[in-house]
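Scroll down for the structure; my scribbles are underneath it.
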């Protein structure tokens, strides 16, 4: 069995971050190792407390990981520049690296300060096999507003020029009278670009969708799939997981990884 590592924060309700990654790895048939970078106390409506792991503890986790034949790595929330540096220095090399740049929330709250973002862009991003920013994170990475499809393609090329080999910019949720479709842009290392269009499902039980998307990409790369196939598989997995919500949490809740797993089993 292939082994994959995630370096991420942990939501105590299990809906996002490291917990979602491990759910995704299990559902996609790989063994997951978890390197904890931060933790949050969270119920179905809000975060009530947060704690960043000491950098020496993160370094110890990464050192312990060397005992295992890791086939791919996925990064999520890094929390600060010191942890980013530790990951750059000690993360397993020579294997695919999927970077989910957890730098800004959908509500616009920044999760990395400017100094940490600089380290992230200069040292971690150039190692990325695939990077999966959401719309707001892409704007932060290129430092300008994105308004049109052409803007997104230009931004993807800019992110590629920073060093990431393959770029997926996840689309915005439609608002108002917009067509109920989410369009994500993919730019591959060979210059091929295309859009992935999905029906927008208005769901409260979709926490961890971005984490799961990047985790499935990492799992598929670990199993030897080409980047394009890994991205397509991850997209289909998340779509299946959103369409059959779980009744967990009074308000917001997690994806249904079982639905994603069932889709994968049928596909195989």
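The values are calculated or read from the model by the stated rules, or taken from the named source; none is laboratory data. If you're wondering where the values come from, they're calculated on a predicted model, not measured in any experiment. A quick note on method: Cβ atoms are made from the backbone with ideal geometry, for glycine too, and the neighbour counts reach across all protein chains shown.
Of all residues being within 18 Å of the chain's Cα centre (by Cα) and not in a loop (DSSP other than H, G, I, E, B) in region 180-194, which is nearest to residue 244 (Cα to Cα)? Just the residue, please.
Out of the qualifying residues, it is 182.
Hey, does region 18-27 have a residue that's surrounded by fewer than 19 Cβ atoms within 10 Å (Cβ to Cβ), within 18 Å of the chain's Cα centre (by Cα) and either touching a residue at least 60 places away in the same chain (Cβ under 8 Å) or assigned to a strand (DSSP E or B) (or both)?
Yes, region 18-27 contains a residue that is surrounded by fewer than 19 Cβ atoms within 10 Å (Cβ to Cβ), within 18 Å of the chain's Cα centre (by Cα) and either touching a residue at least 60 places away in the same chain (Cβ under 8 Å) or assigned to a strand (DSSP E or B) (or both).
Considering only residues that are assigned to a helix (DSSP H, G or I) and out of contact with any strand residue (DSSP E or B) (no Cβ under 7 Å at 6 or more places or on another chain), look in region 127-150 and name the one that is surrounded by the most Cβ atoms within 10 Å (Cβ to Cβ).
141
Listed residues 164, 203; which is crowded, with 24+ Cβ neighbours inside 10 Å, part of a loop (DSSP other than H, G, I, E, B) and either at pLDDT 95 or above or in contact with a helix residue (DSSP H, G or I) (Cβ under 9 Å, 6 or more places away or on another chain) (or both)?
So the residue among 164, 203 that is crowded, with 24+ Cβ neighbours inside 10 Å, part of a loop (DSSP other than H, G, I, E, B) and either at pLDDT 95 or above or in contact with a helix residue (DSSP H, G or I) (Cβ under 9 Å, 6 or more places away or on another chain) (or both) is 164.
Yes or no, residue by residue, for (1) under 23 Å from residue 102 (Cβ atoms); (2) outside any loop (DSSP other than H, G, I, E, B); (3) at pLDDT 95 or above; (4) touching a helix residue (DSSP H, G or I) at 6+ places or on another chain (Cβ under 6 Å):
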| residue | (1), (2), (3), (4) |
| --- | --- |
| 175 | no, no, no, no |
| 178 | no, no, no, no |
| 215 | yes, yes, yes, yes |
| 252 | yes, no, no, no |
| 266 | no, yes, no, no |
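Go through 117, 124, 153, 111 for me and flag whichever is surrounded by 13 or more Cβ atoms within 10 Å (Cβ to Cβ) and more than 23 Å from residue 89 (Cβ to Cβ).
Sole residue among the options that is surrounded by 13 or more Cβ atoms within 10 Å (Cβ to Cβ) and more than 23 Å from residue 89 (Cβ to Cβ): 153.
Out of curiosity, is residue 155 assigned to a helix (DSSP H, G or I), more than 16 Å from the chain's Cα centre (by Cα) and at pLDDT 95 or above?
yes
Out of 41, 64, report the one residue that is touching a residue at least 12 places away in the same chain (Cβ under 8 Å) and surrounded by fewer than 15 Cβ atoms within 10 Å (Cβ to Cβ).
Exactly one of 41, 64 is touching a residue at least 12 places away in the same chain (Cβ under 8 Å) and surrounded by fewer than 15 Cβ atoms within 10 Å (Cβ to Cβ), namely 41.
For region 47-61, which residues satisfy the criterion of being farther than 23 Å from residue 238 by Cβ and not in a helix (DSSP H, G or I)?
The answer is 48, 49, 50, 51, 52, 53, 54.
Yes or no, residue by residue, for (1) more than 17 Å from the chain's Cα centre (by Cα); (2) farther than 21 Å from residue 223 by Cβ:
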residue: 50; (1), (2): yes, yes
residue: 55; (1), (2): yes, yes
residue: 59; (1), (2): yes, yes
residue: 64; (1), (2): yes, yes
residue: 67; (1), (2): yes, yes
residue: 72; (1), (2): no, no
residue: 81; (1), (2): yes, yes
residue: 85; (1), (2): yes, yes
residue: 94; (1), (2): yes, no
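Just to be sure I understand, how many residues within region 244-262 are touching a strand residue (DSSP E or B) at 6+ places or on another chain (Cβ under 8 Å), free of Cβ contacts under 8 Å to residues at least 60 places away in the same chain and closer than 15 Å to residue 202 by Cβ?
Here the count works out to 0.
Here is a yes/no grid of residues against (1) assigned to a strand (DSSP E or B); (2) touching a strand residue (DSSP E or B) at 6+ places or on another chain (Cβ under 6 Å); (3) closer than 24 Å to residue 138 by Cβ; (4) at pLDDT 95 or above:
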position	(1), (2), (3), (4)
45	no, no, no, no
63	no, no, no, yes
68	no, yes, no, yes
86	no, no, no, yes
95	no, yes, no, yes
106	no, no, yes, no
112	no, no, yes, no
